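Report on one structure; see the data block that follows.
The values are calculated or read from the model by the stated rules, or taken from the named source; none is laboratory data. A quick note: this is a predicted structure, and the numbers were derived from the prediction, not measured. For neighbour counting, all protein chains shown are included, and Cβ atoms are generated from backbone atoms with ideal geometry for every residue, glycine included.
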Protein chains: 2
Amino acid sequence: MVVELISVGTELLLGNIVNTNAAYLSERCADLGLSCFYQSVVGDNEERLTDVIKTALKRSDILILSGGLGPTADDLTKEVAAKVMGRELIMHEPSRKLIEEFFNKKGSKPTENNWKQAMMPKDAIVVDNENGTAPGVIIEAEGKKVILLPGPPNELIPMFEKNIVPYLSGEKSGIIYSRTVKICGVGESKAETMVKDLIDGQTNPTIAPYAKNCEVHLRVTAKAADEKEAKALLTPVLRELTNRFGANIYSMDKDTTLEKAVVDLLLDKNLTVSTAESCTGGMLAARLINVPGISNVYKSGYITYSNKAKRKILGVKQPLLENKGAVSKETAEAMAKGAAAISKSDVAVAVTGIAGPDGGTDEKPVGLVYIACNVRGKITVKKYNLSGNRAKIRETTVSCALILMRQCILKYDEEVAGGKR
Amino acid sequence: MVVELISVGTELLLGNIVNTNAAYLSERCADLGLSCFYQSVVGDNEERLTDVIKTALKRSDILILSGGLGPTADDLTKEVAAKVMGRELIMHEPSRKLIEEFFNKKGSKPTENNWKQAMMPKDAIVVDNENGTAPGVIIEAEGKKVILLPGPPNELIPMFEKNIVPYLSGEKSGIIYSRTVKICGVGESKAETMVKDLIDGQTNPTIAPYAKNCEVHLRVTAKAADEKEAKALLTPVLRELTNRFGANIYSMDKDTTLEKAVVDLLLDKNLTVSTAESCTGGMLAARLINVPGISNVYKSGYITYSNKAKRKILGVKQPLLENKGAVSKETAEAMAKGAAAISKSDVAVAVTGIAGPDGGTDEKPVGLVYIACNVRGKITVKKYNLSGNRAKIRETTVSCALILMRQCILKYDEEVAGGKR
């Protein structure tokens, strides 16, 4: 089955927003085993939208349109799609009631425009919108399916996950079921080499690698008659991947980020944490603190961008800074020692580096970063040579720090805590 | 003139990357006064790409294709575009030399594939790529222009700015010249109301408002015979906007972010700064520290997520935390006092709030945030009720903190420093 995406909205044509919906929908359609050969963006214009829908109907089986379902006169996706498909719009009583309730809850009154959102193409499937007033719509005709979704991602994504994924899975005989194996601490090309034989020999399940932000994600997808059968197909592949990547797998849960995995590990091992940052200037702490529940383990953070702050706050000695420099193995180590001492946390991680654009030398170029992780006195320091601009170097540094934290905590737990058990 | 964007790449159709090029190109084309009615994404497939180019040529004057100019056999944008336009490919000697030099500099040898990048459509304009090996190409025929750009944004953007903007400006009789008036501390709808009469009455220059991240940007664009005339057209409009928005305008420079404006202000007034963060957990510091040159003014940062850290590091008193709570006007004030005292910085900003998803109560709901700004002992505390999820609340808080810092520094400078002069 071939799917085609049509994003409707003048704000996309003006470049006011980036089309993240298209990336999300493409990725999910690929997961579902649907091929996508074309995506289009078109404005809220009847003639041009009609044109784009007609062209898409000629070359694709399923059309997913997003945007243009709002209450204003500008919004005409539903009207145009219905017209092209030869369906009249009629009042859809359940949608009318939902809109009424939505406004009652808010304590305000719907305007005449809002009722437009309850008009639906005849014989269409209407999909509830739990996060807004514009319902989704599915029109089926002559072997084609036209799916209309609201534009705001916080409405589109939940609706797609809850209603459209099951609908599209039902389209084929059987279901599609995926797990994502999330790997850190292994480079992209090495990871791909490590699974090349599996990818080459794959039929069902399939394995698709995605590299992002110092991580490699392997999406393993099975097609089967039902979920039980799909899971049974996945089990041996997931086991084989676990054999190959071992502790480098930090999660198999779609919603677990690397920082969440680190926080979960801290919570699980009952370890408190503190951060001392120079070049990343708070980004590491910010990423950790975006994980709800962090308050149980996070003690404190220090942003010691200047040498003076490194001395005064973390107690790094002046001769060390003079002899070895602020960006050095020794300074990173001293920062991690100092942070642990003043915060009395179990884990202290320290970052120092040259993010650029200035400050680099032949000996210490832009991108040179040292990260030290202190787990109850056992300090590991690692050196990195990163590339990219200032923002990219800082972002990569944070990912490297999270990976190092995870490795050091696991190693400590194995060597020390494990030995004591 | 109507422009149409065609992004070429299977990675876009699979959703592996987000199409930021389309947003960038759309925005810049709008700046140039070009209308964009359609955008398409298509894979590296000869038949489908041919189709998309032919359709676009029927409805648009200028086609901008991005991606698919690489050295591998997959990359066929140039080949397909040349074929559709009826041009044969011939070896382009200057491009061949540049590729040779590029590899010499890297100390490696080009492969057979790399020479493919020096083959150019006959009579095309070849545009140097200063950041990669794939040159840009412009093919002109029968009143249409087909512009081929490399896909990586760090190659596409500099090439577009340096070569394509002048080319497209030259296309029309005269030039397009824009300035962006960046406003903070005024809400989106208020700002739009304040300029409604100007927008309604506009012909040349035009004013286009964009709201983002607690800021409103007004892009003022003039069309004129030359830059001098364009600037003369802009001057009265920029003066009028300055009259209306006054000190809420933080910059008229395209590349100046809000954080850069704050850092520039600190540098200009010779004021050092420190940060104390609870719910934002380092994000405010991280945003400030992304500005190169910050090291001259940034003293230190404290991430005091827990009450204990607020007490121990910033000296917030236990009874205050108990009576007023960690999220209160008084705690924010005490944090800003403490941060200034220990860091001895001129400006100290403190943030405390409830980012959710848990921790909210009827009295103190999720989204309640207090920000305190201490400029040499003069402390201003502001209360905010923000909406969105945890990440959104934290991000908005950082923008609010930067805006408050800017206001407090300007006010201090006017009242105290100004009075002494």
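Worth pointing out:
The rows are residues; the columns are (1) at positive phi; (2) within 25 Å of the chain's Cα centre (by Cα); (3) hydroxyl-bearing (Ser, Thr, Tyr).
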position	(1), (2), (3)
A:VAL347	no, no, no
A:THR352	no, no, yes
A:GLY359	yes, no, no
A:VAL369	no, no, no
A:SER387	no, yes, yes
A:ALA391	no, yes, no
A:VAL398	no, yes, no
A:ILE403	no, yes, no
A:LEU410	no, yes, no
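- Strands (runs of 3 or more DSSP E) (entirely within region A:199-259) containing at least 2 residues that are touching a helix residue (DSSP H, G or I) at 6+ places or on another chain (Cβ under 8 Å) and either among the small types (Gly, Ala, Ser) or farther than 26 Å from A:ILE409 by Cβ (or both): A:206-212, A:215-224
- For region A:298-319, residues that are within 9 Å of chain B (Cβ to nearest Cβ), in a loop (DSSP other than H, G, I, E, B) and farther than 11 Å from B:SER300 by Cα total 0.
- Subset of region B:330-375 (residues that are in a helix (DSSP H, G or I) and more than 22 Å from B:ALA285 (Cβ to Cβ)): B:GLU330
Residue by residue, here is whether (1) on the phi > 0 side of the Ramachandran plot; (2) under 26 Å from the mean Cα position of the chain (by Cα) holds:
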residue: A:ILE139; (1), (2): no, no
residue: A:PRO152; (1), (2): no, yes
residue: A:ILE164; (1), (2): no, yes
residue: A:ILE175; (1), (2): no, yes
residue: A:THR193; (1), (2): no, yes
residue: A:ASN213; (1), (2): yes, yes
residue: A:VAL216; (1), (2): no, yes
residue: A:ARG219; (1), (2): no, yes
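- Scanning region B:264-289 for residues that are out of contact with any Asp or Glu (no Cβ under 7 Å at 6 or more places or on another chain) and of a type in the set (S, T, N, Q), we see that the one that is farthest from the other protein chains (Cβ to nearest Cβ) is B:ASN270.
- Here B:PRO153 meets each of (1) in contact (Cβ under 8 Å) with a residue 12 or more places away in the chain; (2) over 19 Å from B:THR10 (Cα atoms); (3) surrounded by fewer than 19 Cβ atoms within 10 Å (Cβ to Cβ) with one exception, condition (2).
- Residue count for region B:107-130 satisfying the condition of being assigned to a helix (DSSP H, G or I) and surrounded by 16 or more Cβ atoms within 10 Å (Cβ to Cβ): 2.
- Qualifying residue in region B:331-345 (condition: at pLDDT 95 or above and under 28 Å from the mean Cα position of the chain (by Cα)): no
- Among (1) over 26 Å from the mean Cα position of the chain (by Cα); (2) surrounded by fewer than 16 Cβ atoms within 10 Å (Cβ to Cβ) - the single one A:LYS83 does not satisfy: (2)
- Residue in region A:322-343 that is facing chain B (nearest Cβ under 10 Å) and touching a helix residue (DSSP H, G or I) at 6+ places or on another chain (Cβ under 9 Å) present: yes
- All positions within region A:350-392 that are within 14 Å of chain B (Cβ to nearest Cβ), buried (at least 17 other Cβ atoms within 10 Å of the Cβ) and free of Cβ contacts under 8 Å to residues at least 24 places away in the same chain: A:GLY359
- Failed condition for B:VAL186, given (1) over 30 Å from B:GLU259 (Cβ atoms); (2) assigned by TED's automatic domain parsing to the domain that holds B:THR235; (3) outside any helix (DSSP H, G or I): (1)
- Sole exception among (1) within 14 Å of chain B (Cβ to nearest Cβ); (2) in contact (Cβ under 8 Å) with a residue 12 or more places away in the chain; (3) closer than 30 Å to A:GLU192 by Cβ for A:LEU234, by number: (1)
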